[in-house]
Amino acid sequence: MTAVDSIDNGVNVQALLEAREALKGAPEAAQFTWRSTTRWENGVHTTSTVKDYSGLGADHEHKAESTFVADHPEVFAATDNGITPIEYLLVGLGSCLTAGIASVAQNRGIQLRSVEATLEGAHDIRGILGADSDVRNGYNGIKVSFNIDADASKEDIEALVAQSQKRSAVFDALTNPTDVTVEVV
Amino acid sequence: MAASHFLSERSVDHVVLERGEVANSWRRERWDSLRLLTPNWQSRLPGHHYGGPDPDGYMTMPEVVGFIDRFAALTGAPVRTGTTVTSVRRTDDGYRVTTDQGELACRTVVIASGACNRPAVPALSEAVPDEVVQLTPFDYRNPGRLPDGGVLVVGASATGVQLAAEIQRSGRPVTLSAGEHVRMPRVYRGRDVLWWMDAAGVWDQRYDEVPDLTRARSLASPQLVGTRERATLDLNALTELGVELVGRASMVRDGELLFSGGLRNVIRLADLKLDRLLTAFDEWALESEVEADLKAPERFEPTRVPASTRLRLDLRGGAIRTIVWATGFRPDYSWLDVPVVDTKGRLDHDGGVVAGPGLYALGLPVLRRRKSTFIHGIEDDARDVIAHLDGYLRS
Ligand SMILES: Cc1cc2nc3c(=O)[nH]c(=O)nc-3n(C[C@H](O)[C@H](O)[C@H](O)COP(=O)(O)OP(=O)(O)OC[C@H]3O[C@@H](n4cnc5c(N)ncnc54)[C@H](O)[C@@H]3O)c2cc1C
């Protein structure tokens with residue numbers, strides 16, 4: 001245990017393990033709803049905000065509201081006020097996997113010094129342009145490369161990365177279909 | 001019958017109830033080509049072991065039935081065959097057991113009805129279009145009974161890899177949907193991998209020493225097959241046969257089956273886990289006396305993942321005529337009228353001592369040891385559980 005106690009990746013694994021135990025017998029409390037709102041600015045430029053969410057049987061607010069600007073680049077004949085929506089998927093995946101690595105490393109007693117993920121999504125835009133009906137709209141594939149400096153063997157680091165994928169919400173959301181309902185109110 | 005052996009040894013009056021015949025699951029619930037994946041020398045029951053000429057071979061189903069029949073004769077177990085238990089209820093001083101042949105009253109009950117009574121088929125099977133034939137390992141006998149044309153095998157544990165291989169060899173192109181799985185070579189450093197599991201003490205690991213018991217109890221069976229050639233049947237072997245690998249089946253939408261894009265990761269997890277297991281074997285061997293007799297340590301080629309895997313499969317186009325759900329098995333406790341089964345259908349027990357006084361269980365995954373669901377695992381478990389039962393009767 002000493003090894004585990006003396007390492008610190010800044011993740012409160014104890015709290016997570018306790019939550020896991022507590023929620024085993026209370027599936028209702030484990031139901032979370034995450035929310036965001038998107039407002040159209042002009043052209044393909046939008047502003048999204050994220051503030052409140054619910055879970056553990058209550059409503060909650062983040063400490064501060066976050067704002068995300070999305071647009072499309074000039075090569076798309078747009079104003080490029082912000083990143084494209086599909087790039088936000090890379091942001092979500094990279095941050096989710098990296099957070100997972102820190103948590104798993106803490107739990108396994110591995111001290112991290114640096115973690116850097118580089119993500120690349122291969123996208124054939126003929127799909128969204130309607131230029132070829134055989135081409136899908138979304139990514140054809142996403143490649144994530146991790147550069148990790150840690151007190152661990154290569155195999156242990158690979159196992160960290162594999163485990164973080166196994167437990168990642170965004171990895172699951174991207175690799176498995178999700179039922180999406182869009183309605184007009 | 002292993003429980004019966006130890007009950008007799010302790011002179012505890014008992015009967016064994018069996019709805020079919022002795023070795024019923026091996027007679028009725030297995031496919032034609034199946035051989036045990038455990039080697040003959042490992043087939044041991046209390047006071048009974050394989051004595052034939054081929055200790056490293058793997059028994060066919062008729063051979064297993066013969067083996068268990070001989071055990072039944074040897075123990076003289078008081079088996080009442082053709083007796084189906086339809087209800088077990090708690091009474092003031094024990095249990096009332098209702099069967100299709102009448103009622104019995106007893107102080108204690110040992111639930112040894114098996115861990116694999118029903119195929120576990122995921123709910124998404126209900127959305128599969130009617131034109132596709134759906135089978136479970138209980139319906140499957142041999143590839144000749146399948147329609148000609150493509151076959152999707154879902155599940156890459158022992159059952160899934162074995163069926164995928166034989167169906168592919170029959171000329172029906174197989175797509176294999178793989179979730180998390182356990183990769184193993186048949187032979188490592190010249191010995192059966194299950195020799196290592198046994199010798200290195202992995203199989204004897206106790207349920208109260210396993211770090212994550214819930215996970216250990218739901219672990220899939222290893223990708224192993226018993227053949228004369230002692231061939232390895234991992235995903236690389238299947239790829240060489242021409243089987244197409246896809247990710248975990250996740251949903252049917254508009255007549256298409258959608259697969260997870262996470263195949264690469266489940267494969268990496270299995271490769272890493274195999275390497276850790278082999279490292280543990282090597283470390284054990286260094287400390288043991290057998291090191292000198294073993295071949296040099298080796299590591300196996302990483303599992304080859306197709307550059308791009310199929311994410312969707314049209315079930316209406318005729319390319320897939322059959323789906324085989326090799327997605328595991330579960331026990332059936334529909335006859336147990338005692339509140340000891342959780343919402344997921346699992347029996348609530350601590351090392352075979354069920355949460356109802358005088359109620360016991362045997363033959364469930366990691367019941368008391370990692371080997372609990374294997375034929376050779378029953379002896380130690382039955383000895384411990386029956387000792388507890390005897391203590392309970394005397395108290
Ligand atoms: C496909 C497959 C392959 C396997 N391969 C191997 C292998 O290679 N090596 C190995 O060691 N193990 C293997 N196993 C595990 C194997 O199931 C066990 O080793 C062994 O059969 C367990 O014996 P058991 O008596 O606990 O359960 P079972 O063999 O399932 O016996 C339970 C008995 O209870 C009877 N029963 C159930 N419900 C009732 C009721 N309500 N009333 C009356 N009787 C009832 C059944 O008819 C059955 O005869 C395999 C399992 C499967 C499914």
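Values in this text are rule-based calculations from the coordinates and carry no lab data. Worth saying up front: this structure is predicted, and the values here are computed from it rather than measured. For neighbour counting, all protein chains shown are included, and Cβ atoms are generated from backbone atoms with ideal geometry for every residue, glycine included.
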Practice problem: Could you work out the per residue convex hull volume over the alpha carbons of segment A:84-177, in cubic angstrom? | Solution: 95 Å³
Quiz prompt | J(HN,Hα) series, segment B:278-284, from Karplus relation 6.51 cos²θ - 1.76 cosθ + 1.60, nearest Hz, glycine and proline x | solution = 5, 4, 5, 4, 4, 5, 5
Quiz item: Each residue of segment B:359-367 in order: what ³J(HN,Hα) in whole Hz does its phi give by Karplus 6.51 cos²θ - 1.76 cosθ + 1.60, θ = phi - 60°, with x for Gly and Pro?
Solution: 10, 9, 9, 9, x, 9, x, 6, 4
Practice problem: Take A:Cys96, B:Cys106 and order them by how many other Cβ atoms sit within 10 Å, fewest up front. | Solution: B:Cys106, A:Cys96
Quiz item: Under the rule of -39500 (n - 2.57) per DSSP H run of 4 or more residues, summed and divided by the residues of chain B, what mean residue ellipticity at 222 nm is obtained, to the nearest 500 deg cm²/dmol?
Solution: -8000 deg cm²/dmol
Quiz item: Rounded to the nearest 0.05, what FRET efficiency is calculated for B:Arg118 and B:Trp284 with R0 set to 45 Å and r the Cβ-Cβ distance?
Solution: 0.75
Quiz item: According to a simple spin-label model (label point 7 Å from Cα along Cα-to-Cβ), what is the distance in nm between B:Ala127 and B:Ala355?
Solution: 3.3 nm
Quiz item: Long-range amide H contacts for B:Val79: which residues qualify at under 5 Å (H placed 1.01 Å from N, peptide plane, sequence gap of 5 or more or a different chain)?
Solution: B:Val16
Quiz item: A:Glu61 to B:Ser8: FRET efficiency via 1/(1 + (r/R0)^6), r the Cβ-Cβ distance, R0 41 Å, to the nearest 0.05?
Solution: 0.05
Exercise. Within a 10 angstrom radius of each residue's Cβ in B:271-280, how many Cβ atoms of other chains show up on average? Whole number is fine.
Key: 2
Quiz item: Using alpha carbon coordinates only, what is the Rg to Rh ratio of the protein assembly as shown, with Rh defined as the Kirkwood radius?
Solution: 1.00
Quiz item: Modelled label-to-label distance, B:Ser395 and B:Asp54, 7 Å Cα→beta-carbon offset: nm?
Solution: 4.8 nm
Practice problem: Report the net charge of residues surrounding B:Ala237, where surrounding means a beta-carbon distance below 13 angstrom and charges are Lys +1, Arg +1, Asp -1, Glu -1. | Solution: 0
Quiz item: Pairing the Cα long axis of helix B:378-394 with the longest principal axis of chain B, what angle in degrees results, from 0 to 90 and rounded to the nearest 10?
Solution: 30 degrees
Self-check item: Where a label projected 7 Å from the Cα of A:Leu16 along Cα→Cβ would reach, residues of segment A:98-119 with amide N under 11 Å
Solution: A:98-109
Exercise. Round to the nearest 10 and give me the degree value, 0 to 90, for the angle of helix B:158-169's Cα axis relative to the longest principal axis of chain B.
Key: 40 degrees
Practice problem: Just grab the label-to-label distance for A:Lys154 and A:Leu23, each label 7 Å out from Cα along the Cβ direction, in nm (one decimal). | Solution: 3.6 nm
Quiz item: Taking each residue of A:136-149 in turn, how many C-beta atoms of other protein chains fall within 10 Å of its C-beta, and what is the average?
Solution: 1
Practice problem: Return the single residue from B:Ala199, B:Ala296, B:Ala178 with maximal mean-square fluctuation; model: Gaussian network over chain B, springs between Cα atoms under 10 Å. | Solution: B:Ala296
Quiz item: Anyone know which of B:Pro339, B:Pro46, B:Pro211 comes out most mobile in the 10 Å Cα GNM of chain B?
Solution: B:Pro211
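At a 10 Å Cβ-Cβ cut-off, how would you order B:Tyr333, B:Tyr58, A:Tyr53, fewest neighbours first?
A:Tyr53, B:Tyr333, B:Tyr58
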Quiz item: Against the longest alpha carbon principal axis of chain A, how many degrees, from 0 to 90 and to the nearest 10, is the axis of helix A:154-166 turned?
Solution: 60 degrees
Quiz item: Taking other Cβ within 10 Å of each residue's Cβ, how do B:Met197, B:Met184 sort, fewest first?
Solution: B:Met197, B:Met184
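Per-residue mean of other chain beta-carbon atoms within 10 angstrom of the beta-carbon, peptide A:166-178?
Average neighbour count from other chains, rounded to a whole number: 4.
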Self-check item: Paramagnetic reach from B:Arg206 in segment B:351-386 [backbone N under 16 Å; point 7 Å along Cα→Cβ]
Solution: B:351-353, B:366-372, B:380-386
Exercise. Given the options A:Gly127, A:Gly82, A:Gly100, state which has the largest fluctuation in a GNM of chain A using a 10 Å cut-off (strictly under) for Cα springs.
Key: A:Gly127
Quiz item: Across segment B:95-104, in residue order, what do the Karplus-derived ³J(HN,Hα) couplings come to in whole Hz, using 6.51 cos²θ - 1.76 cosθ + 1.60 with θ = phi - 60° and x for Gly and Pro?
Solution: 9, 10, 9, 9, 10, 6, 10, x, 10, 9
